[in-house]
Each structure stands twice: as C-alpha cells, then as structure tokens.
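Data block below; observations after.
Quick note: the coordinates plus some simple rules give every number you see, no bench work behind them. All of these numbers come straight from a predicted model, not from anything done at the bench. Virtual Cβ from ideal backbone geometry, glycine too; neighbours counted across all protein chains shown.
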C-alpha cells in the first residue's frame, strides 16, 4: 500500500498538521491508516492519546532510526495508507524513509525563507531518487495560506510562481490557516467531531481538508504507484 512521507528541513511549516489532516480524511473515507511519528517530539503520538482517535488510524512512535525501514514495511502490509512524519533535519531515518516512499509531500509557507528551505528538501528527494534508481514522485503543499487565493499576499504568489517555473509539482489545494486545524492537536479527534462552538469556520475547514486529501489521492491514482 502507498507510503506518503512528509518532509521539510524547516520547522513550523505545518508538516505534522498536513500529515494529520490527510490521515483523518482518508480514515473518514473508510481507509485504514498507519501514521509513523518520526518527529522526536512525537506530536502525533500525543494526539493519539487524546479522545476521538478513529479506530482505523494507528500511530506508531518511531524512536530508532535504524528500524524505520522495517516499521514502514510492516505497516504497508496491513494498512491502506502509511503516512510518515519525519523530523525536520536530514538524517539516516529520513533517507531510509524516502527510499521506502511512493510519494513525498513538502509543506511550504509563502515566504522566500521557506522557499529556500524547501529547495533543500527537493534536493534530498532527488538524491534519494538517484540512490534507489527509480522515480520518487513529490509535490509541494502550500500551508497556512489565506482561505482565498485572491487574498494571497505578493510573497506567497511569488513562491507559487517560482515553484511552477522550476517544474516543482504542487498540490492544487492549499491548506488554509484555520483554527480547526490547530484544534486537532489541542482537542484531539477529527474535524468531523468538532462543532461550531469549538472553532469558527468549521465547514470551510472541512471542505478544505476534504479537497486536499482528494488531490493527494488523485495524484497517487495518476500513476505514482506504477
């Protein structure tokens, strides 16, 4: 089953949030999902300890970088999707995870600094692709963006234009800055269980998450598993 890895050398870009949104949306469609939490702070493992975790999501804290290949291999044999949330720095764990991946997502915010840091991630992906001697599909994910592209600031528009010009694939749906997304970690559970009393603009957050997950699944279906 497909292994989707989140990669970013820069912290604070929404990498773990992106992983959790994708996992909960896939689970809502009935898929079984294993999330491998390879972040030393184990944010996904903490989320899993709160009430509301769907029964078809399993979170595995990965504490030994030498074991991640075996962990991923075992997970993909029992789940419809495996999502790996890597630590922000380059490491043997990251390299090993990329070697096992079917798709790499690189979350990026709309600033020149984030774009520069993301370019390092794309180089890491290409190096892994060379090492394993077969394609490693990847795509950028714009995160914490204004809800409407019409409201995107100039620097975010410039980042999107530069990515396109460099031939970097992008997930069509940008993840907006939403209180509901942040609330996943503070309240636990999923967007489906939240109420409008918990957070504002909940329906829009749900629509955003659903559209994003659909884009990722479509990318997988378009041939990255071939």
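Annotations for the structure displayed:
- Packing order of peptides 20-29, 189-198, 167-176, highest average first: 20-29, 167-176, 189-198 (average count of other Cβ atoms within 10 Å over each peptide's residues).
- Residue-averaged 222 nm ellipticity for the chain, from DSSP H runs of 4+ at -39500 (n - 2.57), nearest 500: -13500 deg cm²/dmol
- Each principal axis of the Cα cloud of the range 137-221 was taken in turn, and the coordinate range along them, longest first, works out to 42, 32, 19 Å.
- Full extension of the chain segment joining residue 91 with residue 221 gains 43.8 nm, where the gain is 0.36 nm per residue of separation less the Cα-Cα distance.
- Cα gyration tensor shape of the range 1-100, rounded if a/c is under 1.5, else prolate or oblate by comparing a/b with b/c: oblate
- Taking the inverse of the mean 1/r over every pair of distinct Cα atoms in the chain gives a Kirkwood hydrodynamic radius of 17.5 Å.
- Whole-number D in µm² s⁻¹ for the range 28-73, Kirkwood Cα-pair radius fed into Stokes-Einstein, 4 °C, 1.567 mPa s: 114 µm²/s
- Calculated FRET efficiency, residue 99 to residue 201, Cβ-Cβ distance, R0 = 41 Å: about 0.55 to the nearest 0.05.
- FRET efficiency for the residue 126 to residue 64 pair, using the beta carbon distance and R₀ = 25 Å, is estimated at 0.40.
- Here the extension length gained between residue 185 and residue 134 equals 14.7 nm, from 0.36 nm per residue of separation less the Cα-Cα distance.
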